[in-house]
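Everything below concerns the one structure shown next.
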Amino acid sequence: MSSSTPIDAEEADLKVGKAKTHAAGLTAVRISMATALKQMGPVRTARNLLRLNQVEGFDCMSCAWPDPDNKHRHTAEFCENGAKAVSWEGTRDTVGPEFFAQHSVAELNTQTEHWLEKQGRLTHPMVLRPGATHYEPIDWDDAFRLIGEQLNALGNPDEALFYTSGRASNEAAFVYQLFARAFGTNNLPDCSNMCHESTGVGLSESIGIGKGSVSLQDIHEADLIVVCGQNPGTNHPRMLSALEQAKHRGARILAINPLREAGLLKFNNPQTPKGMLKGAQLADQFLQIRSNGDLALWQAFGHLLLEAEERNPGTVVDREFVESSTVGFEQYRKHLGELDWDEVLTATGLTREEIESAAELLATSKKIVTCWAMGITQHRNAVATIKEIVNVTLMRGMIGVPGAGLCPVRGHSNVQGDRSMGVWEQSPDSFLDKLRDEFGFEPPRHHGYDAVNAVRALRDGKARAFIGLGGNFVSAMSDTTVTEAGMRSAALTVQISTKLNRSHLAHGSTALILPTLGRTEKDLTGGIVQRVTVEDSMSAVHASRGRSEPAGELLRSEVDILCGIASATLGDRVDVPWTEFARDYDQIRQRIGRVVPGCENYAEVIRERGGFTMPHPPRDSRTFPTPEGKAVFTASPLQVLTVPEGRVVLQTMRSHDQFNTTIYGLNDRYRGIKSGRRVVFISAADLAELGFADGDVVNLVSEWEDGIERRADEFRLVEYSTPKGCVAAYYPETNPLIPLDSTALDSNTPTSKWVVVRLERRA
Ligand code: SF4
């Protein structure tokens with residue numbers, strides 16, 4: 001099954017240089033300003049960048065790293081990738097009816113993600129009617145009517161899918177889930193299904209809430225920060241400032257990652273002369289672990305900490321906390337007593353000395369914060385690994401105390417907020433009851449489809465309509481060939497977007513593109529200055545208000561579009577004031593305050609205080625809303641995944657010029673890549689063993705238990721520091737290699753960090 005994504009003409013100039021050993025620096029400032037001035041011009045650049053992440057400004061539409069409190073906020077409170085995200089949205093280039101008249105869907109399909117988004121901001125609602133070759137303009141009300149007719153023509157509500165990307169505001173997310181449920185389905189797949197769903201499951205089952213337990217202040221106060229399976233230099237760059245602050249205070253950093261990422265080694269903070277000239281060394285110890293070795297590693301940590309406790313009782317295990325607030329410790333302790341070190345060393349690819357030295361850091365530190373991202377969550381055993389991290393955290397009593405805790409770092413600006421607002425295919429009855437009581441209709445109770453099941457439903461003809469609230473589902477999902485075919489089999493696809501992308505081209509018989517306002521832009525829906533709210537990775541909720549002129553006069557806000565579709569679809573079927581909601585978002589916040597747990601008096605609090613922190617019982621009071629009423633230790637069997645002879649295991653990842661499926665440029669300067677994306681990072685040992693050389697061009701073929709060979713062609717091999725047997729390449733180009741059914745246990749998250757591939761020499 002071959003699905004080679006288009007190749008950018010610019011890739012002909014691909015250059016490979018040395019990887020960097022520090023992040024940011026002056027180059028980050030130069031690139032940020034050059035990108036901003038090129039896309040937005042001087043005036044809009046100044047306006048947008050000076051409002052980015054500011055109190056009365058707008059929230060960055062990129063990652064979910066929190067903002068410092070008002071007293072500690074910088075004038076330039078953003079990073080290089082934040083500047084790229086704002087520039088990409090604030091561009092003066094536009095895509096309107098004339099563009100679509102010029103370019104057929106078939107022709108656009110030959111273009112890359114980078115080329116598609118680079119064309120500019122969408123300005124007009126567009127429709128592609130059955131059999132047509134080109135999108136054509138459509139009036140907003142006609143668009144809403146058409147969507148309503150198509151949705152109501154479905155055999156049953158569960159044939160519709162309501163997908164959410166993490167950029168959607170809390171107000172849009174609340175209205176969206178309300179619409180889907182009033183329509184009669186819980187089919188609410190969202191981008192969290194592809195990234196931190198394993199975190200949600202692992203934490204909910206062990207501490208009773210699927211969110212991290214730390215604040216930014218805790219990071220600043222920690223004396224040990226563990227960063228595992230995360231590349232903050234590219235994916236959460238302002239985190240480096242927090243790590244630098246902690247280092248200045250004497251903290252130590254333990255980095256665990258297959259790749260020696262520049263952002264884990266050293267940070268040249270461009271905001272300070274000392275940062276710029278000297279920089280801050282980050283990792284004190286770096287464990288260059290094999291992909292999927294983390295479960296074994298954290299079990300070894302637990303084992304060594306228990307041994308240290310036996311040697312000096314009361315020095316490692318927080319006995320009082322363990323006895324009073326947890327269950328399952330004895331079973332866990334017994335389980336780790338049988339640890340097989342051979343398995344640990346095989347799975348991790350590390351030496352016992354390396355592991356023992358890292359465990360020493362965990363045993364002796366007083367305040368530990370453990371951070372993680374996709375390198376932990378996108379594996380078959382991800383949920384077990386997260387529970388293993390929780391085990392060590394509980395054993396040390398590192399939760400609900402200052403300077404310590406669990407810190408899954410979210411990749412999309414409001415992905416956590418969307419879930420809090422009810423965007424979840426399996427919301428609990430307690431939430432659905434509140435919705436019923438507030439709006440007087442009985443919401444569906446059977447669980448809906450998450451992202452992987454949504455593609456299965458499209459493939460199997462069980463889903464016939466797809467509505468995308470932002471994002472680029474087709475390119476973000478695994479098994480691109482199956483996902484694209486599924487979307488094309490639909491009767492209706494609707495994409496609420498700011499820019500053109502591949503999901504507009506893998507379309508249903510009837511397809512609509514609805515252009516929406518961005519975070520930087522003024523929202524005067526209903527004739528008043530509207531603001532929205534978001535929740536960051538540390539549960540801090542705050543307001544966001546754009547002030548730039550919209551990219552086009554026909555653009556509408558996410559809330560306005562959703563209320564238009566809901567009204568046209570449901571009519572007076574349910575007693576929901578869609579028009580009032582679109583007129584005044586405070587009306588929505590009033591309802592959020594009565595339905596969403598932890599958001600009491602939401603409208604008033606946002607109006608008066610501008611924000612607050614969502615409750616988190618383990619953090620706030622060391623109480624654990626699990627069925628047991630306590631935190632839970634878990635004894636997970638250790639399964640070491642092996643790679644067949646002559647094969648390697650691939651992890652997909654972002655370049656430094658990328659945010660999710662948005663490709664800002666073709667460089668990855670920290671890894672030494674210029675003008676190219678079809679590269680595979682591979683160790684010298686694997687090149688020698690497999691009979692290849694740096695610079696060879698190969699096809700990648702993934703092999704899976706279903707016997708189907710999935711292909712991605714034409715990748716240049718780049719010799720790189722990575723554990724033997726482990727290679728890395730960018731998505732979405734390598735997403736065709738990930739089998740749809742290759743997912744994490746319990747969370748159903750695609751295993752994007754573990755794909756067994758063979759390298760095929762190109763003829
Ligand atoms: S760290 Fe994340 S949220 Fe902050 S400016 Fe950078 S990309 Fe935006």
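The values are calculated or read from the model by the stated rules, or taken from the named source; none is laboratory data. Here the structure is a predicted model, which means the values were calculated and not measured. Cβ sites come from the backbone with ideal geometry, for glycine too, and all protein chains shown count toward neighbours. Calculation scope for accessible area: heavy atoms of the full protein, side chains included, ligands and nucleic acids excluded. Shrake-Rupley method; radii C 1.70, N 1.55, O 1.52, S 1.80 Å.
Leaving out same-chain residues fewer than 8 places away, which lysines sit with a Cα under 22 Å from that of residue 274? The reachable lysines, counting only those whose Cα sits under 22 Å from residue 274, are 20, 71, 247, 266.
Translational diffusion coefficient of the range 197-409 (Stokes-Einstein, Kirkwood radius from Cα pairs, 37 °C, 0.692 mPa s): 190 µm²/s. Classify the range 29-173 as rounded, prolate or oblate, taking a ≥ b ≥ c as the square roots of the eigenvalues of its Cα gyration tensor: rounded when a/c is under 1.5, otherwise prolate if a/b is larger than b/c and oblate if not. Taking the square roots of the gyration eigenvalues as a ≥ b ≥ c, the range 29-173 is oblate.
When trypsin sites (Lys or Arg not before Pro) are flagged only if DSSP places them in a loop and at most 12 other Cβ atoms lie within 10 Å, the longest unflagged stretch of the chain comes out as 446-761.
Residue separation of residue 685 and residue 34 scaled by 0.36 nm, minus their Cα-Cα distance, works out to 230.4 nm of gained length.
Only Cα pairs under 8 Å and 6+ residues apart enter the sum, and on that basis the relative contact order of the chain stands at 22 percent.
Other residues lying with their Cβ under 14 Å from the Cβ of residue 154 contribute a combined charge of -1, Lys and Arg counting +1, Asp and Glu -1. Considering only beta bridges that DSSP places wholly inside the range 197-409, some 10 percent are antiparallel.
The reciprocal of the average 1/r between distinct C-alpha atoms defines the Kirkwood hydrodynamic radius, which for the chain equals 26.2 Å. A 1.4 Å probe run over the protein chains yields, for the chain, 34 Å² of accessible area per residue, whole-number rounding. Here the accessible area of the range 1-130 is 57 percent carbon and sulfur, with a 1.4 angstrom probe and all protein chains present.
DSSP bridge analysis restricted to the chain gives an antiparallel fraction near 40%, rounded to the nearest 5. Only the Cβ atoms of Lys and Arg (+1) and of Asp and Glu (-1) were treated as charged; on that basis the dipole of the chain about its Cα centre amounts to roughly 1940 debye. Panel values: the range 143-297, Kirkwood radius from alpha carbon pairs, Stokes-Einstein at 4 °C and 1.567 mPa s, translational diffusion coefficient 68 µm²/s. Under 5 Å between amide hydrogens, built in the peptide plane, is the criterion, and for residue 710 it picks out 702 among residues at least 5 positions away or on other chains.
Scaled to the globular estimate 2.2 N^0.38 Å, the Cα spread of the range 232-292, given as radius of gyration, is 1.11. In straight-distance terms, cross-link reach from residue 753 covers every one of the lysines whose alpha-carbon lies under 21 Å from its own, apart from those fewer than eight places away in the same chain; here that gives 387, 724.
Along the axis of the charge dipole computed for the range 197-409 (Cβ charges of +1 for Lys and Arg, -1 for Asp and Glu, origin at the Cα centre), the listed residues 339, 304, 264 are led at the positive end by 264. Checking Cβ-Cβ separations below 4.7 Å across the chain identifies 60, 63, 79, 191, 195, 228, 563, 599, 726 as cysteines lacking any candidate disulfide partner.
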